[in-house]
Structures are given as structure tokens and as C-alpha cells.
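Novice: The structure follows.
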Amino acid sequence: MTDSEILSMNSLSEKEYYELHLQNLTPLNLKIDVDLFLNEIEMYQEFFQQWGDVHKEFARYALPLVNLDGKLIDDDPACWPLDRWNFVEKYPHYKNKDWTDEHVQDWKDYFKELSIDDIVNELYFKKHTPLYKKLTSVSQKLNILDNHLLRTCILKWDYLGHFKKHIDTLHPTKWLRLWGTTNPKGMVLRYEDGGSMIPEINIEAGRLYLHDSIRPHEALAFDDGVYQFFIALDLESIPIIKELL
Ligand SMILES: [Fe+2]
């Protein structure tokens, strides 16, 4: 398949997907300077917001770099799990509410009839926030992908911050996901393999990886101040990504 054919399509077949995703985390020739980032991010702590509206007992925060309209707002959907954001849009009375039997039942029922194309998904998020250019340790590395960024955040977790096992998209997907962390010794990322959850090893701090977010995965921090680079890209970025493999 030629690059121009890739550009003309709006989703990636399974075969094409695995021509890029050579492993769970495929390293890219893109590395963020962690010391520079850690210095810089200290200036922007006030812009971190709680990740979504549930499980606030766990320290999970996000700072939006690419969101819906480029404006910094409280309760930014870019800083929510989008399944939860869409659910709360439909059932606003459950926002910030504990899990009751009815809440759980409506949550389960919601997913039975869900189509990923009919809800707010990564493709809706295309506008850089002012924080993107200010955070030069990130934006200067990502500049070759500037025109292709979809929903992008810096995640910040403290001890026990985690994402339970999930997938982010399905075949044929309409976006790619990059991931990286400042502190691979302070967190674990596991992918499902043969029914078990297997931790990734040899993750390099600051390195950006093409992340196979179709394979079930989970993550957990066991240190404070663990940052993650949470970056979605449109499919037109594929020729650039190929150069970075
Ligand atoms: Fe994920």
C-alpha cells in the first residue's frame, strides 16, 4: 500500500495496523528530555485536572495539550475517559455519583448499543491548547506531527493511580496512539497475552512508543509524580510515523 493510498482512507485495516504495531510498544525515534520536561511541568501544575468523575480516591490527573476547541476549561472531556464522558452526556444525573445498582445497570446497558462512530471520540479533539506550545520539551519534539495531533494530554499519577484493563479502539481503527512515561520504574504497563497480563519491560524514560491500544492493557503507578505522554494521531500521520520506526 502506498502512502497516498493510506492518506485516502479513513480507517486502518487489521493488516495495515499490524504493519505499524510491530509489538505492544513499538519504539519511535522520538524521545522527550525527561529532566527538561520535569523542570518545565512544575510551572503548569495548576492546569492538571482530575481524570474523569469517578474513582477520585486515586490520584489521576491530566493536563490537556490538544482538546475540542483549544480553550482551557474545567471538566475538559480531553481529560476524561471518553466512554465515561459519553455516558454522562446521556445520563447527566450520574455525574460525580457513586455506583448504585441502577447506575451500574445503565452503564452496562449503555455499552450494548454503543457505536464508536456515534459518540465523542479521539477524532473530535484537534485544537492545540496554549499549554502545548508552552511545554516546549514536548511540543518541540512533536512538531513534525503538529498537524496530525488528536486528543493529547499529559497524565500525572501518584501511588496507586491506575487504569483497569481496557481497550481504546477496535479494528478498523481511525487513529493511532503514542505513549510514553517519565518514570518506567515507578509504574507498570501490562498487556493481555494468552489470558495473562504481562508487564512490558525495558521501557525507556521519555521514549515515545506506538501503543497497541486495541490489545487489552492496564497500568498502575507505584510511585508519586509519574507522568505519561498520552497522544492520539490521525491516520495521515502514518508516513511520518513510518519514518520514525
Ligand atoms: Fe488505554
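Since every read-out is calculated from the coordinates, none of them should be taken as a lab result. What you are looking at is a predicted structure, and each value in this text was computed from that prediction instead of being measured. Here Cβ is always computed from backbone atoms with ideal geometry, including for glycine, and neighbour counts include all displayed protein chains.
Novice: Answer rounded, prolate or oblate for segment 112-158, using the Cα gyration tensor with square roots of eigenvalues a ≥ b ≥ c: rounded when a/c is under 1.5, else prolate when a/b is larger than b/c, else oblate.
Specialist: Here segment 112-158 falls in the prolate category.
Novice: What do you get for trypsin sites (Lys or Arg not before Pro) in segment 93-162 restricted to DSSP loop and a cutoff of at most 16 other Cβ within 10 Å of the site's Cβ?
Specialist: Filter output for segment 93-162: 95, 97.
Novice: Show me the GluC sites (Glu not before Pro) within segment 36-118 that DSSP assigns to loop and that have at most 12 other Cβ atoms within 10 Å of their Cβ.
Specialist: 57, 113
Novice: Kirkwood-based Rg over Rh for segment 55-177 (C-alpha set), two decimals?
Specialist: 0.98
Novice: Restricting things to alpha carbons, tell me how big the chain is in terms of Rg and Dmax, in Å.
Specialist: 17.5, 51
Novice: Return the calculated 222 nm mean residue ellipticity for the chain, to the nearest 500 deg cm²/dmol, obtained by summing -39500 (n - 2.57) across DSSP H runs with n ≥ 4 and dividing by the residue count.
Specialist: Helix contribution divided over all residues of the chain: -6500 deg cm²/dmol.
Novice: Once phi is turned into θ = phi - 60°, what whole-Hz ³J(HN,Hα) does the Karplus curve with 6.51, -1.76 and 1.60 give for every residue of segment 90-99, x standing for Gly and Pro?
Specialist: 7, 10, x, 5, 8, 4, 6, 9, 5, 7
Novice: Amide H neighbours of residue 152 under 5 Å, counting only residues 5+ apart in sequence or on other chains, H built in-plane at 1.01 Å?
Specialist: Sorted by chain and number, the residues that satisfy this are 65, 66, 232.
Novice: Also, I was wondering about something else. Starting from 0.36 nm per residue, how many nanometres of slack lie between residue 114 and residue 193 once their C-alpha separation is accounted for?
Specialist: Full extension from residue 114 to residue 193 adds 25.8 nm.
Novice: Right, here's the next one. Using amide H atoms built 1.01 Å from N in the peptide plane, name the residues 5+ places from residue 160, or on other chains, whose amide H lies under 5 Å from its own.
Specialist: Amide H neighbours of residue 160, under 5 Å, 5+ apart: 221, 222, 223.
Novice: Something else now. Using the Karplus equation 6.51 cos²θ - 1.76 cosθ + 1.60 (θ = phi - 60°), what ³J(HN,Hα) coupling, rounded to whole Hz, does each residue of segment 228-234 give in order, writing x for Gly and Pro?
Specialist: Along segment 228-234, the couplings run 10, 9, 10, 10, 10, 10, 6 Hz.
Novice: Relative contact order (percent) for the chain, with alpha-carbon contacts under 8 angstrom and 6 or more residues of separation?
Specialist: So the answer I get is 30 percent.
Novice: Evaluate the distance, in nm, between pseudo-label points positioned 7 Å from the Cα of residue 33 and of residue 99 along their respective Cα→Cβ axes.
Specialist: 4.4 nm
Novice: Check cross-link reach from residue 95 to the aspartates and glutamates: straight Cα distance under 19 Å, and skip same-chain residues fewer than eight apart.
Specialist: Filter leaves 53, 57, 74, 75, 76, 83, 106, 109.
Novice: Could you tell me which of the pairs 127/165; 141/164; 108/164; 71/133; 31/174; 15/242 are separated by over 20 angstrom between their Cα atoms in the structure shown?
Specialist: 127/165; 141/164; 31/174
Novice: Further question on the same structure: Working from the alpha-carbon coordinates of segment 161-218, get Rg over Rh, Rh being the Kirkwood radius.
Specialist: So for segment 161-218, dividing Rg by the Kirkwood Rh gives 0.96.
Novice: May I ask you to evaluate 6.51 cos²θ - 1.76 cosθ + 1.60, the Karplus curve with θ = phi - 60°, for each residue of segment 108-123 and list the ³J(HN,Hα) values in order in whole Hz, giving x for glycine and proline?
Specialist: My calculation for segment 108-123 gives 5, 5, 4, 6, 5, 10, 7, 10, 4, 7, 9, 10, 4, 10, 4, 5 Hz in order.
Novice: Do you know the relative contact order of segment 75-204, to the nearest whole percent, from alpha carbon pairs under 8 angstrom that are 6+ apart?
Specialist: 19 percent
Novice: Calculate the translational D of segment 19-84 in whole µm² s⁻¹ from Stokes-Einstein, where the hydrodynamic radius comes from the Kirkwood formula applied to all Cα pairs, the temperature is 10 °C and the viscosity 1.306 mPa s.
Specialist: So the translational diffusion coefficient is about 110 µm²/s.
Novice: A further question on this structure: Can you list residues from other chains, or at least 5 along the same chain, whose modelled amide H is less than 5 Å from the amide H of residue 173?
Specialist: 12
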